[in-house]
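Derivation of every value follows stated rules applied to the coordinates shown; laboratory data play no part. Owing to the predicted nature of the structure, the values given are computational and were not obtained by experimental measurement. Using ideal geometry, Cβ is built from the backbone for each residue, glycine included, and neighbour counts are taken over all protein chains shown.
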Amino acid sequence: TTLNNWVSDSSTQIAFGRGSSGYAIINSGSSSWSRTFVTPLPDGKYCNVYDGASSSSGCTGTTITVSGGSFTATVSSYSALGLHTGALAGGTTTSSGTATTSKTTTTTTSASSTATAVSITFAETATTVWGENIFLVGSISQLGTWSPSSAIALSSASYPVWTVTVSLPVNTSFQYKYIRKDSSGNVTWESDPNRTYTTPSSGSATENDTWR
C-alpha cells in the first residue's frame, strides 16, 4: 500500500498514511503532539487501535473523527495512534464493504458515484543543508491554513525533489507556499507571490515546483 501524507514535526514525531486504508502516528518525544493531520481515509469515526478496539457501542479506547480529509488529534508523549478502516466506532469494516457490529447486525455501504476528494502530489525541487526539511502550507485547512506548525512535511526520498501526496476536496481553488524548517524549528518562507492551484473534479494530479 502506498505511503502518503507523511508528517514529521521533529525527530521524535512521525505520522503517515497507508493509502486510504490506515493512518499511524508515533510520538517518542517527551511532550504531547497536537495538530491536524491530512488523510484520504473516508469520513467516519475510527477507534485508536493502539489504546483500544471497536465495540458494539463505539470504541473501548479513543475515538477519532475524520471529516473532509483530515482529523485533529493529541498523542501523549511516548505513545501512538493507529486508525484503519477495519476498526470503525461501533463495528468493523470487512473487505466486502459491509459494516459488522458485535451484535451481527450488518449494514451494506456503497461508495458515492461522485468523487469528493482527489489525490494531488506536490513535487518541490529544493536543495537543503543538514537538518533542514521542506514543508507545504496553504490557505485551506487541509494545508494548515497558513500555520507553519500545521504544515505538511515532504519526503526527501527523491532528493533534491521533495514530494508529498495530499487528499484535497475536488474543484477547490487555493493558495500555497513551501517553507523550510531547520532542526531548531526556525522557519524560512519561499519568496512571493503565493502559488495558486485548483483541484480537478476527479482522478489525481502532480504539481511540479522549484524553490524560489
Problem set entry | Euclidean distance between Cα centres, the stretch 189-206 to the stretch 142-184, Å | 11
Seminar exercise, completed: From fewest to most C-beta neighbours within 10 Å, the residues 196, 39, 116 line up as 196, 116, 39
For this session: Run the quick spin-label model on residue 145 and residue 172: label points 7 Å from Cα toward the beta carbon, then report their separation in nm to one decimal.
Result: 1.3
Exercise. Relative to the present Cα-Cα distance, how much length would full extension add between residue 24 and residue 2 at 0.36 nm per residue of separation?
Worked result: 6.6 nm
Exercise. Quick one: of the DSSP bridges fully inside the stretch 117-210, what percent are antiparallel, nearest 5?
Worked result: 80
For this session: Work out the FRET efficiency for residue 53 and residue 189 from their Cβ-Cβ distance, taking R0 = 41 Å, and round it to the nearest 0.05.
Result: 0.45
